[in-house]
Amino acid sequence: MTEEEQTTRDRVVELLNTSTFLQSEKEKIANLAKVQELIIHLEPLLLDSFFEEVAAFQTDRNSDVRKFVVGFIEEACKKDPGMLPRLVPNIQLLLADDAIAVVKRVVQSAAQLHRATLSWLALARTVSPEMEQVWHIITSIKNTIVTLIDHDNDGVRTQAIKFLEALVLLQTYTEADSISRDAEFNLDNVPLTVKVARPRKLEEEARMVLNKLVAFQGSIHISSVNLMTCMSSLTIIARARPQFLGKIINALEILHANLPPTLTKSQVNSVRKHLKIQMLNLLKHPASYDFHENITTVLNDLGVTASEVNKAMPSKDSIKKRVRRDKPGEDPGLVEQVSKKPRLEKEDKSITNDESSTTTASTDPAAAVASSSVSEKPSSALDITQRWLVEKLTPEKVSNLVMVTMLNLPEEMPAVFSAGYSPITAAGTTKQIQHVARLLSSQLTAAGVGPGAEQQAQQQDQEASTYEMDMIQENEAFQAGPVLVPAGVAGRGFRHKVKTMKLEEVTKPFPPANMTHMHSLLLGRLLRSSAASLSSDNAKSHIRILTMIIGCVSDLECTELEDFILEDVGGRGDLLISWLYSEYAMHHDFSQVGRLVTAASASKGKEGVRKKTYEDILGSVVVRLLRHDASKERDELLWRVFMEVPYMPDKLVEKLVMVGDQGSESVVAAALTLRDTANWRPLSSRPALQTLALLATRDNDAVRGEVTTILVEMCEGNENVRTIVAECAGQFLKYLLEKSPPEELCSQYLGRPPPIAEWTEATVKACLYLYLALLPLNQALIHDLAVVYVKTVNEAKRAILRLLEGPIRHMGMDSPQLLKLVETCPKGGETLITRIIHILTEKAPPSEALVCRVRELYNRRVSDVRFLIPVLTGLSKKEVIAVLPKLIKLNPHVVKEVFNRLWGVTLDTGASPLTPVDLLVALHLIDNEKCDVKTVIKATGLCFAERNIYTAEVLAFVLQQLMEQPELPTLFMRTVIQTLTHYPKLLSFIINVLQRLIAKQVWKQKKVWEGFIKCCQRAVPQSFTVLLQLPPAQLSDVFASAADLHAHLTSHVSTLTENQRSHIPSSLLEVIEGHNSDQTPLSLPLDSSLTMQEP
């Protein structure tokens, strides 16, 4: 082998190895194309060495790669026909591929392989059994492709048509007028001595295929693309093999008269245009002279003018030559025809032994030519039916036929008819009758009716039966031959193996002690030398060598190897992973190294058996990594171990909690490792999530928040993860039912070293954080929280109430679970329910469903009116007024909150059941038996303190509504005096109120009368008008209760004119003037509730 060949071979090997592992199809095909160029064109001698490797890519998943393999097989067989027995079976397999593109490519290459196989057989001196098998496979491929003409895919049918065209051209003889390419291979090049591929049988097969192609063209369901392809193929066959010209012209005539009904109008136009082109091409052929009349008739129907027809006609000289050639004795090519006919007769003699020998021996060449000319131009089915119809087409029968078919005419003209109709110019002439008969014959023949169709069917049946018998004989001969196996798929057959020398047969066993010592020295030296090599370009080679050696180390050497890896956790991770995979493979007997180690250990005895298993080594490595100094490299190696090792025991996953005392960064890194373990290792998902949930109880708030966020994100998209995390959170919540924190929460890794005697806020939060974070995702958890709240310690209750706000806001008041909890409030959980309702209604008005459930719970179980405070704005006016006496008895701060909700100060709901006027009026109307006066006074004082709400106008409306009551409230006059104190500008309105009170005989209500007098004192001197309207007895009572009013009124009266005094009743003047100042006044005791401090 030369140096250049060796270089090419190495390059081919490299390209093939690279292609095997490439993911990109384009790169893979590019490499294989380079291989094809090298082994087929550059160094053909390498083809025999590498064709199997290339052919093996036919099992690739990508269809483009398989298409390339088909092209490679085609090129290889064309380059070296000796590759046919090795590669043709592959083509047979690829023909059944699922990808349509691959099938089409196989059909394309099958035509070339068919030609190459026939040429190979023709050039062979003797036909070997291997050649027979190849020809049988090619025949099977041909038969399969012939059936593909009815395939579901349009493109496959198109390629099958082109294959049938190539088959007909290959398996027929040429003629003098044949238009063919130079150096074209056909039956002319096949000797009669070839027994496998007999020319007579091949020609018969070609005729049958041509009939099938013609029949396919006449199918009513053929697509326009297939139809035009079929027309082109038939035209090519007719021009190359004039012997089929008549049959093909008849088929085109039938097509012209019977276009498929499934075509659209545009497709009909395209088909007719294509048909016109093909007929013009046939008209140009010299052999079409006998069919000019048929061709021109079709062309005239297609709209071709006479000048165009004459232009396409062959020259007169070529026609004359054709006519002379048809006459015996005048044809210069007669010798050639005579020489061909005896060859067929000799073939018949060599094939059938029982035929008469005198038939072929005594045949005269001229007679042979004559008989062949007669046999080459038989009457077609179309011609037979046409002659039969011409005799039937009498004027009477045609008239009756037209009248009968008139009833079946459609209402609208079909597109096919409008596109192909041309006016009849020579009706009734013999030529026109012949044309009509021809058209009817085309339709009848296409439908399989008529004498011509019956005769053609019988002939085809005879040919088919003869062909089937020949195929049966060939199959029987094939079964006795060797079996050809596809290259690269099932191997190249059994080869003799060379007996190799075994080292154990020529050497003595080494002592176990010496072997152990040398092994330790070798391991130590390799580790020292690999310290720098593991970071170099040859790191993979060193790792591979170390991994092989490590499989035989002892327990002590395992510890040394662990120390070596932990010296550089950032640079020796690959070695650790490779070692662990090797141990796993040995443990499960996956590698030959494990068997060698077992045999070596058995030879050493019990002392040499290693006790450490894969799990022991992995556990030791993980624990030592967790105890290693915290660093980014350590955390990354831990992640690699948990992600890349073949198996991770559950107990090691739980060990990750040990990073809890190594800082927040390490804890977060461990949490991310646990997250990825749960996502990518389904078997380790539960322990990973349980450990991650335990880290969520860590004492550090920042770490706990990050871990909780990771868990919540995992729960959002995975129902299984949500279930496991909810179980863990539920377990932590149930710890609150115990008297003191359990041992599971008391760990230095969680920031709470044991022991812890009692619950603290920190320990309670550790149990609650994860559970409360899951509430928005799994709202049913709220019921368990309520149950625990009822039974837990007070410290936990306070923590639950403080931490509940965020989750409850996320759940919202429309949550079905929250509404259900309010409806089924556990006994002792009223405070929790109240807190939940407060949170829900703090920034939003209560929903109707929430109000309904709170109302039902209040009426049925909870008697505490504070329960209704959050939903006050959702109650009716009547319900609020009914509970108002109970509400104002509460703590002043609570009463203030109630009023703020009703006023819309805390939350502007825009739909409070009570307006400020209604509230103050309702407070005045509270029954003294339900609530004492002092409590009502405090409540009204809160109202008067909100001067932004209770403006002068609002208080005027309040007084107006109170005046309209049947009985004046006890605190009415106190409110009047407060109104006058806060808003002096309402003095005139107050004077009007006092005047209206005189009409209501205010002196009949003792407390109101006392307030009336007090108000008159405040309203001096404007109140003099009111006093002068009192009856004498009541005025005297006023003077007795308020002596200062008498002095002021006396002074006022003295300033009046005589005319003004005349309007004052004399009885009043007598009371004013006759009331002695030294007389003891009849004073009425004033109620303390009406005593007010001056503002």
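The values are calculated or read from the model by the stated rules, or taken from the named source; none is laboratory data. All of these numbers come straight from a predicted model, not from anything done at the bench. Virtual Cβ from ideal backbone geometry, glycine too; neighbours counted across all protein chains shown. To get the accessible areas, we keep the full protein, side chains included, count just its heavy atoms, and leave off ligands, DNA and RNA. Shrake-Rupley method; radii C 1.70, N 1.55, O 1.52, S 1.80 Å.
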Legend entry - Residue in segment 740-749 that is least open to solvent (accessible area, probe 1.4 Å), counting only those that are of a type in the set (S, T, N, Q) and under 47 Å from the mean Cα position of the chain (by Cα): SER747
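For segment 862-902: of the residues being acidic (Asp, Glu) and part of a helix (DSSP H, G or I), which is surrounded by the most Cβ atoms within 10 Å (Cβ to Cβ)?
At the first step, the residues of segment 862-902 found to be acidic (Asp, Glu) are 864, 879, 897.
The next check asks that each one be part of a helix (DSSP H, G or I); those that pass are 879, 897.
Details: GLU879: 17, GLU897: 20.
Ranking the candidates gives GLU897 first.
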Inset, instruction - Can you give me the number of residues within segment 774-791 that are open to solvent by 20 Å² or more (accessible area, probe 1.4 Å) and assigned to a loop (DSSP other than H, G, I, E, B)? - result: 5
Legend entry - In segment 913-944, residue surrounded by the most Cβ atoms within 10 Å (Cβ to Cβ) [restricted to those that are in contact with a Pro (Cβ under 9 Å, 6 or more places away or on another chain) and in a loop (DSSP other than H, G, I, E, B)]: ILE926
Legend entry - Single condition LEU968 does not satisfy, out of (1) under 26 Å from LEU890 (Cα atoms); (2) part of a loop (DSSP other than H, G, I, E, B): (1)
Legend entry - Conditions (1) small (Gly, Ala, Ser); (2) under 33 Å from the mean Cα position of the chain (by Cα); (3) open to solvent by 70 Å² or more (accessible area, probe 1.4 Å); number of the one not met by ALA729: (3)
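Conditions (1) at positive phi; (2) modelled with pLDDT of 70 or more; (3) surrounded by 14 or more Cβ atoms within 10 Å (Cβ to Cβ); (4) among the basic types (Lys, Arg), marked per residue:
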site	(1), (2), (3), (4)
VAL597	no, no, yes, no
GLU607	no, no, no, no
LYS612	no, yes, yes, yes
GLU615	no, yes, yes, no
ALA630	no, yes, yes, no
ARG634	no, yes, yes, yes
LEU637	no, yes, yes, no
MET643	no, yes, yes, no
LYS651	no, yes, no, yes
Legend entry - Residue in segment 824-831 that is touching a residue at least 12 places away in the same chain (Cβ under 8 Å), within 24 Å of ARG722 (Cβ to Cβ) and part of a helix (DSSP H, G or I) present: no
Inset, instruction - State all residues of segment 945-957 that are free of Cβ contacts under 8 Å to residues at least 24 places away in the same chain and assigned to a helix (DSSP H, G or I); if no residue qualifies, say none. - result: ALA945, GLU953
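Each row is one residue, and each column tells you yes or no for (1) over 30 Å from HIS628 (Cα atoms); (2) surrounded by fewer than 21 Cβ atoms within 10 Å (Cβ to Cβ).
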site	(1), (2)
ALA671	no, no
ASP699	no, yes
ASN718	yes, yes
GLU738	yes, yes
GLY751	no, yes
PRO755	no, yes
TRP759	yes, no
LEU772	yes, no
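Here is a check on your reading of the model: is GLN462 at pLDDT 65 or above and open to solvent by 50 Å² or more (accessible area, probe 1.4 Å)?
Working: at pLDDT 65 or above: yes; open to solvent by 50 Å² or more (accessible area, probe 1.4 Å): yes.
Considered against the rule, which asks whether it is at pLDDT 65 or above and open to solvent by 50 Å² or more (accessible area, probe 1.4 Å), GLN462 comes out as yes.
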Legend entry - Index of the failed condition, LYS739 passing every other in (1) among the basic types (Lys, Arg); (2) out of contact with any helix residue (DSSP H, G or I) (no Cβ under 6 Å at 6 or more places or on another chain); (3) assigned to a helix (DSSP H, G or I): (3)
Legend entry - Looking only at segment 801-844, and only at residues there that are in contact with a helix residue (DSSP H, G or I) (Cβ under 7 Å, 6 or more places away or on another chain), among the charged types (D, E, K, R) and over 17 Å from PHE867 (Cβ atoms), the one that is most open to solvent (accessible area, probe 1.4 Å): ARG809
Inset, instruction - Would you tally the residues in segment 194-229 being assigned to a loop (DSSP other than H, G, I, E, B) and surrounded by fewer than 17 Cβ atoms within 10 Å (Cβ to Cβ)? - result: 5
Legend entry - Residues (at pLDDT below 70 and open to solvent by 50 Å² or more (accessible area, probe 1.4 Å)) located in segment 532-544: ALA532, SER535, SER536, ASP537, ASN538, HIS542
Inset, instruction - Could you figure out which of (1) in contact with a helix residue (DSSP H, G or I) (Cβ under 8 Å, 6 or more places away or on another chain); (2) modelled with pLDDT under 85; (3) of a type outside the set (A, V, I, L, M, F, W, C); (4) surrounded by fewer than 18 Cβ atoms within 10 Å (Cβ to Cβ) isn't true of PRO966? - result: (1)
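Among the residues of segment 625-648, what is the count of those that are under 35 Å from the mean Cα position of the chain (by Cα) and either assigned to a helix (DSSP H, G or I) or within 13 Å of THR691 (Cβ to Cβ) (or both)? Reasoning before the result, please.
The initial filter retains those residues of segment 625-648 that are under 35 Å from the mean Cα position of the chain (by Cα), namely 635-648.
Narrowing further to those that are either assigned to a helix (DSSP H, G or I) or within 13 Å of THR691 (Cβ to Cβ) (or both): 635-644, 648.
Number of matching residues: 11.
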Inset, instruction - Identify the residue in segment 283-324 that is open to solvent by 30 Å² or more (accessible area, probe 1.4 Å), outside any helix (DSSP H, G or I) and modelled with pLDDT of 80 or more and, among all such residues, is nearest to PHE244 (Cα to Cα). - result: MET313
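Going by what's in this entry, would GLN960 be described as among the polar types (S, T, N, Q), open to solvent by 30 Å² or more (accessible area, probe 1.4 Å) and assigned to a loop (DSSP other than H, G, I, E, B)?
Numbers: among the polar types (S, T, N, Q): yes; open to solvent by 30 Å² or more (accessible area, probe 1.4 Å): yes; assigned to a loop (DSSP other than H, G, I, E, B): no.
No, not satisfied.
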Inset, instruction - Please verify whether segment 999-1008 includes one or more residues that are at negative phi, of a type outside the set (Phe, Trp, Tyr), modelled with pLDDT of 85 or more and in a loop (DSSP other than H, G, I, E, B). - result: no
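Residue-by-condition table, conditions (1) more than 21 Å from ALA110 (Cβ to Cβ); (2) open to solvent by 30 Å² or more (accessible area, probe 1.4 Å):
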site	(1), (2)
ARG181	no, yes
ASN189	no, yes
LEU192	yes, yes
MET231	yes, no
GLU253	yes, no
ASN269	yes, yes
